[in-house]
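Take a look at the structure set out below.
No value in this document is a laboratory result; all are computed from the given coordinates. No experiment lies behind these values; they were computed from the predicted model shown. Glycine also receives a Cβ, built like all others from the backbone with ideal geometry; neighbour counts cover every protein chain displayed.
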Amino acid sequence: MSKEIVEQDGVFKTSFPEKIAYALGDVGCNLVWGLASTFLTLYYTDSVGLSPAFFGVMMLVARLLDAFSDILMGVVIEKTKTRWGKTRPWIIIGAIPLSISIVLLLNVPAGFSPIGKNAYAAITYIFMSVISYTIVNLSYHSTLPRISTDSQDRSVASSVRVLFTVFLAIITNVGTPMVLNAFGGSQSQEAWTLISIVYGIAAFILLAICFFGIKEKVALDYNEGGASEKHSLIDSFKSVASSKYFFLLIFLFINGSLSAGYGAVGPYYARDVLGNMSYFGTNTIIVVLPTLIAIVMMPKIFAKFGKRRTILVGYLLTFISTGIVLMDPHNVLLYYFGNVFRAFGVAPYTVANFTLAADLADFGEWKSGIRAEGFVYGCTSFGMKVGTGIGSAILGLGLSLGGYSAAAAAAGRPQSDSSIFSMIFMNLGLPMLVVAGQFIMIYFWDMDKIFGKVKKDLDAKRLREHAIAQEK
């Protein structure tokens, strides 16, 4: 793909081929992370026979380890200086272990004892999440403020990224249950092995396309113009942590990522509450059109009304539509209807979340002169993983406390009333609480009021640096 540098008056933007390559990188990441987040619990409970409670605690422990790996990787990125840039090399470096990790994760040896299976699950999950995924995903998202210095262009690039992940969701949420059913259900190890190998190979190919298809541009002026200065982790922290936006961003990612953990209740909910796991895949297809419409419209809506106001309206719509489904949680048509409006509601934050991090990196540079996107994205990655870990712990403990029975699932028998209640709460009640929390935090994210001046000042700064670089 073309890596032609699109630049005007010192402001760098992404070309269309570069936007595609950037989006494919997220697809590669989410082939592994999305599969693990949505179906790993089902694999562990129904095929391997692990306790949901153990799985939930294991996920939470892994997230605590992420507190160190994410910050460490952020520091590594800050100190990286290669011909390919600061962040981009780590995408291809981490692609190989990430692709291998999903195969290891979904192939627990049948001959192991229960303790051995628990140990294997913990080790392979930590290898995937704490090490491999941290390297790739943190590096990937840290590239956004380095391949584009224009806020509107970032929103467009992020919209393309989300657009591609929507199609990925169709493949995983529809295709995975189809493969499972074709090979004998969620108890079939053969099916999980096939899925893991295909997804692992595809993830590596897509991440390689991303690496070769994008180019860091901010680094050009920094390296050539002499504007790059070495700074410590403390300096990076001070550059962004002196504002409320830093702490709001971390909590937004923690709270907003809870659903990536407890959201894995979706297949259980479709099968045991609604009556058929295929409803989960059908729902994914139904929400595609409203999701696509919302994503395509987002950049223009952001430009006219601002990110904050748009996200607030979206969360209000999400809260109301989820509450409507909760009125009759066993109604399949209401489930589809509510999720269509939920798709419109969550689209603004889904498109904007990582652009908020890029805006914070700009804000920190504007205030302190230090650009610390590696540190910022390390913190957001940490928040995302902590949220996912807590959400997964809630899922595991919720299924366990509700009395979920893998034996009943294998025999086609209904779950107990307490188990059904726990699934309904995690699929509908808990998301309403999360959305309420997100609404409150976004309400205080008022950077839109000053970001025009931030952008103007930084553009002028980069224009000066660009002129210096051209003279050398």
Karplus-derived 3J(HN,Hα) from phi for region 108-124 (6.51 cos²θ - 1.76 cosθ + 1.60, θ = phi - 60°), whole Hz, x at Gly and Pro, runs 5, x, 5, x, 6, 6, x, 5, x, 5, 4, 5, 4, 4, 5, 5, 5
If you take the square roots of the eigenvalues of the alpha-carbon gyration tensor of region 341-472 and sort them as a ≥ b ≥ c, do you get rounded (a/c under 1.5), prolate (a/b over b/c) or oblate? prolate
Can you give me the long-range amide H partners of L50? Hydrogens built in the peptide plane at 1.01 Å from N, cutoff under 5 Å, separation of 5 or more residues or another chain. T45
If we sort 73-83, 308-318 on the protection proxy, mean other Cβ atoms within 10 Å, highest first, what's the order? 308-318, 73-83
Can you give me the Rg/Rh ratio for region 17-463, using Cα atoms for both radii and the Kirkwood formula for Rh? 0.96
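Going by average Cβ density within 10 Å per residue, which order do the peptides 23-36, 176-189, 124-137 take, highest to lowest? Let's see the in-between values first.
Working: 23-36: 24.6, 176-189: 17.2, 124-137: 22.4.
Packing proxy ranking, top to bottom: 23-36, 124-137, 176-189.
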How many angstrom lie between the Cα centre of region 69-85 and the Cα centre of region 307-321? 35 Å
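Over the chain, what relative contact order in percent results from Cα pairs under 8 Å that are six or more residues apart? Provide the component values of the computation, followed by the final result.
Values: 760 pairs, mean separation 131.0, N = 472.
It rounds to 28 percent for the chain.
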Residue-wise, which Karplus ³J(HN,Hα) couplings in Hz belong to region 182-190, taking 6.51 cos²θ - 1.76 cosθ + 1.60, θ = phi - 60°, and x for glycine or proline? 5, 10, x, x, 5, 8, 7, 5, 4
In the structure displayed, which of K385/K449; K367/K449; K238/K453; K13/K304 lie more than 25 Å apart, Cα to Cα? K385/K449
Decide, for region 126-194, between rounded, prolate and oblate: order the square roots of the alpha carbon gyration tensor eigenvalues as a ≥ b ≥ c, take rounded if a/c falls under 1.5, and otherwise choose prolate if a/b is larger than b/c, else oblate. oblate
Under the Karplus relation 6.51 cos²θ - 1.76 cosθ + 1.60, θ = phi - 60°, what is the ordered set of whole-Hz ³J(HN,Hα) values for region 147-153, x standing for Gly and Pro? 9, 8, 10, 9, 4, 5, 5
So if I take the centroid of the Cα atoms in region 28-51 and the same for region 114-159, what is the distance between those two points in Å? 16 Å
